[in-house]
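Here the structure is laid out as structure tokens; the discussion comes afterwards.
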Amino acid sequence: MSAFYASNLVLVQATLVAILLALSIQVPLRLGVFSLAGVGSYGIGAYVSANLVLREEMGAVPTMLVSGLVAAAVGLVLGVVIYRLAGLYLAMATIAFDLTVGVVALNGGEWTGGPVGLFGVFADLTMGLLFGTVVLVLVLVHLTEVGRLARRITTVREDPELAASMGVNVRAYRLTAFVVSGFLGGLAGCLNTLTRSAVGLQDVSFHLVVVALTTIIVGGALSWRGAVIGAVLFTWLPSVLEVVGEWQEFVYGLIVVLAAIFLPTGLYGLWCSARRRVVERFRPPVRPRRPDEPDVPAATVAPEHEVAAR
Amino acid sequence: MQELVAIASLGSVYLLFALGLSTAWGTIGILNFAHGAIFVSAAYGCYELLEVRQLPVLVLAVVAVLIGAAMSLLMQVLVFDQVRRRASSERAAETRILIGGIGVAMLPIALASHQTKNLAFGLSASGFEASVWTIGGVRVSSVQVATVVCAVGAAAALAWYLRRTRAGLALRSLGVDDQVAALMGIDRRRYAWATMAVAGGLAGLAGVLLTLNLGAISAESGDALLIKAFACVVLGGVGSTLGVVVGCFTLAASEVWVLTQTSGMWVEAVSFGIIFAVLLLRPQGIFGRQEVRRV
């Protein structure tokens, strides 16, 4: 086990970062905000953390916090500007934001290292800290998926007008989505820089939008479990399927298409509905019984039989 | 003056590409994210064809149109139709059509980058040499003239079709309300197929013309073009043909201006800036109509 862990450390780290990146797209999606700005925040987090470590020699924890907060602040500004947009317009505006971050990174001079990127970003990030951060984030996200808050979030997503009429401040929820997405994306970018000790233009590319979307579409868009399933699947698939190798992009594309058509709720949704079907099957059947049968609970008896029993 | 030629030819490539995107989005409600992939694939298909056999440029252009139309139609039948049939609501369908488009775009691009090993490819094997004329100190190539003629012609034909014919009216009515349109006996599926085929054909033509113009393109150039076309469409207003024309030439002019005024690689950011500015100041675009939506 530990040998396996040691030899696949890079993949484990990549999985944890991928979970956070996927969540930064998933959280707004759950609130009905089709924003892909998490990828831009990822780029911001990646470059900000590199600068903090290289110039200020900050430790891992403050770097994570500051990167996350900077990205969240940018997310808030972006949110204030575009939260009124909906659907495709919002998606495209946020993709434009992501690509703008890329152009800034390309032209950022010594702050971003231009096309070369920044190297030698070493901070005291331990695996324990990395695990702890991701688990903490997952717990916090889980708390938004149970109870009253979950119901409010569902209403804001499915029917914003209804939510508003029930006294839910839809605007605040939507803005929060941008901020949370920014923070998670920034954190993911920061952790990516710290684990790989380098940052470059590949950390702000359109490809990441595809990766993050793929992760949650295949895993499941409505629960953090979906993000985890997708992140594990897509980080480990290439190493498991050696055959895929150079056709990786092709296979990914095929998976995305199939998921978009046949799996509207992702693998996690598939698992949920399968479980529900099994539970239904083994539940004692509710059927009208003959009046002379013993131990008939009154509620399960159809009215006409009830009359006949009397 | 040389800049004007550059603006005209660049804007025309954008126009050929964006016309189909805008029409499909404005009428049948499909924003095809694989439009850039069609553009690249048509050029790549011609490149592969030239490896096998020598063909004149005019035939190549026809082949590109056919490849583009076939791919676009296939996507519509195999992906977008399926998504729409299975989706619970219009909004869910919109999101998943976007995602399906991203996925389906990866297929031909992966194929092309694999075959070309991520190198740029061109159509020089056709032996075609663009003739260059110098008029009053301004250099104009025959490819540039062809691009402008094709783009303006296509835009004019499309505008005429949408505004003046019965079928065009039917198509526009789908964009306003496809349920009511269905009640009026309009077969959405048939119109969707035709629209996507035309859109794909135009993208294919744009692919070959740009490749001839630049000499070579890479498999990844479709994504950047897609965002630019989106900027043009948003700027002009979704569903307005005149709007797309104005949007495309405005973007081309801004890009050429930025390219000549600044150093560095800021030119890519122009289209993003336009998207933001338009969505903020005038979300319906210059010529767009305000959407009426009842709660």
If I filter region A:141-159 down to residues being closer than 15 Å to A:TRP224 by Cα and among the β-branched types (Val, Ile, Thr), which single residue comes out as surrounded by the fewest Cβ atoms within 10 Å (Cβ to Cβ)?
A:VAL146
Residues (crowded, with 24+ Cβ neighbours inside 10 Å, β-branched (Val, Ile, Thr) and out of contact with any Leu (no Cβ under 6 Å at 6 or more places or on another chain)) located in region A:176-203:
A:THR193
Among the candidates A:ALA50, A:ALA91, A:ALA86, A:ALA96, which residue alone is modelled with pLDDT of 90 or more and either more than 14 Å from chain B (Cβ to nearest Cβ) or closer than 23 Å to A:PHE178 by Cα (or both)?
A:ALA50
Helices (runs of 4 or more DSSP H) within region A:214-310 that include 1 or more residues at pLDDT 65 or above:
A:224-240, A:248-262, A:266-282
Before we move on, is A:PHE178 at negative phi and touching a strand residue (DSSP E or B) at 6+ places or on another chain (Cβ under 6 Å)?
no
Go through the residues of region A:129-145 one by one and say whether even a single one is part of a helix (DSSP H, G or I), away from chain B (no Cβ under 14 Å) and of a type in the set (Ser, Thr, Tyr).
yes
Do we have A:VAL179 as away from chain B (no Cβ under 14 Å) and in contact with a helix residue (DSSP H, G or I) (Cβ under 6 Å, 6 or more places away or on another chain) here?
yes
Please find, within region A:53-83, the residue that is farthest from the other protein chains (Cβ to nearest Cβ) out of those that are of a type in the set (Ser, Thr, Tyr) and surrounded by 24 or more Cβ atoms within 10 Å (Cβ to Cβ).
A:THR63
Which residues, counting only those in region B:121-170, are assigned to a helix (DSSP H, G or I) and not hydrophobic (A, V, I, L, M, F, W, C)?
B:SER124, B:SER126, B:SER142, B:GLN144, B:THR147, B:GLY153, B:TYR161, B:ARG163, B:ARG164, B:ARG166, B:GLY168
Enumeration of residues in region B:280-289 that are within 18 Å of B:VAL245 (Cα to Cα) and facing another protein chain (nearest Cβ under 8 Å):
B:PRO283
Can you tell me how many residues within region B:81-105 are in a helix (DSSP H, G or I) and modelled with pLDDT under 80?
3
Restricting to region A:99-121, what's the tally of residues that are surrounded by 18 or more Cβ atoms within 10 Å (Cβ to Cβ), more than 10 Å from every other protein chain (Cβ to nearest Cβ) and not β-branched (Val, Ile, Thr)?
4
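The values are calculated or read from the model by the stated rules, or taken from the named source; none is laboratory data. All values reported here derive from a predicted model rather than from experimental measurement. Virtual Cβ from ideal backbone geometry, glycine too; neighbours counted across all protein chains shown.
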